[in-house]
Amino acid sequence: MDQLDILKQNWQSQTSDAPRFTKDQLGALLAKRSSSIVKRLFIIAVIEFAFFIVLGMASHLHNQNSDIDVIGQMGKLFYYGSSLLHYVVIFIFIYLFYQNYKNISTSQPTRSLMDTILKTRRTMTWYIWYNLTYMMVVGMIATVIIIPKDPEIIKLMATPKMAGHETAFYLMVLGASFVVFLIVCIIMYLIYLLIYGILLRKLKRNYHELKRMEV
């Protein structure tokens, strides 16, 4: 049982002889706990952002040292343009997380605190779905671009047994790629639920506690 639960029990069962706990005290504790949760969400998002930057740099170096120029096949404009756009959008989300964290104060009105909690939950939901959508859309576009340029596929298409089956083969590869990206997105979603879901559920609990206090 944490400090908030103890304070709530005392507040709900307080007698005339017991110390009197006010809604302001409970609200301040909820604000403090919510601020801590939003701060952790912000820190995790920054760590994730840094991780994917390092991963992108590693992929770039690996591509330079590889015999197959995947970035060249994909098109440098598409690769660097989509990567830059992705980083800009993620940076905007991180800024929003930081603003949500700065906006939570122990002295702010209950209704304002509730609005900040809802805004944080919405921002995190958008952040998760943006990442999953980006992964699926960019991954599939890259696959469509790379397939006709892949040396091994070009060599395979030149064989007599593939004559007349090019379209079916491309559709099969695209279907397989879609399934792979879908599985990756599902795994990422489950990871997000594990990492962010616990904190978001705690924020939701804080919101409902504040809502009950407003009644």
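Only residues that are without any contact (Cβ under 8 Å) to a residue 40 or more places away in the chain and either farther than 22 Å from Ala168 by Cα or not aliphatic (A, V, I, L, M) (or both) were counted across region 126-155, and they come to 7. Each residue in region 74-103 was checked for being on the phi > 0 side of the Ramachandran plot and among the hydrophobic types (A, V, I, L, M, F, W, C), and 0 of them qualify.
Of the listed requirements (1) assigned to a helix (DSSP H, G or I); (2) of a type outside the set (A, V, I, L, M, F, W, C); (3) modelled with pLDDT under 85, Tyr192 misses just one: (3).
For the subset of region 102-155 comprising residues that are basic (Lys, Arg) and within 12 Å of the chain's Cα centre (by Cα), which member is surrounded by the most Cβ atoms within 10 Å (Cβ to Cβ)? For region 102-155, the residue satisfying everything is Arg121.
Taking the stated definitions as given, is Thr123 out of contact with any Leu (no Cβ under 7 Å at 6 or more places or on another chain) and part of a helix (DSSP H, G or I)? No.
Let's see how each residue does on (1) of a type in the set (Ser, Thr, Tyr); (2) closer than 14 Å to Ala45 by Cα; (3) assigned to a helix (DSSP H, G or I):
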residue	(1), (2), (3)
Tyr80	yes, no, yes
Ile90	no, yes, yes
Tyr98	yes, yes, yes
Ile128	no, yes, yes
Tyr134	yes, no, yes
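If you go through region 110-127 and keep only what is among the hydrophobic types (A, V, I, L, M, F, W, C) and under 12 Å from Ile90 (Cβ atoms), you end up with just Trp126. The C-beta contact set for region 40-63 (first residue part of a helix (DSSP H, G or I) and surrounded by 13 or more Cβ atoms within 10 Å (Cβ to Cβ), second residue acidic (Asp, Glu) and at pLDDT below 80, distance under 9 angstrom, 6+ apart or interchain) comprises Asn63/Asp69. Report, by residue number, each residue of region 84-101 that is touching a residue at least 24 places away in the same chain (Cβ under 8 Å) and within 14 Å of the chain's Cα centre (by Cα). Within region 84-101, His86, Tyr87, Val89, Ile90, Phe91, Phe93, Ile94, Leu96, Phe97 qualify.
Pro160 passes every criterion in (1) within 29 Å of Leu41 (Cα to Cα); (2) surrounded by fewer than 13 Cβ atoms within 10 Å (Cβ to Cβ) apart from (1).
The values are calculated or read from the model by the stated rules, or taken from the named source; none is laboratory data. The structure presented is a predicted model; accordingly, all values stated were derived computationally and were not measured. Reconstructed Cβ throughout: ideal geometry from the backbone, glycine too, with neighbour counts over all protein chains shown.
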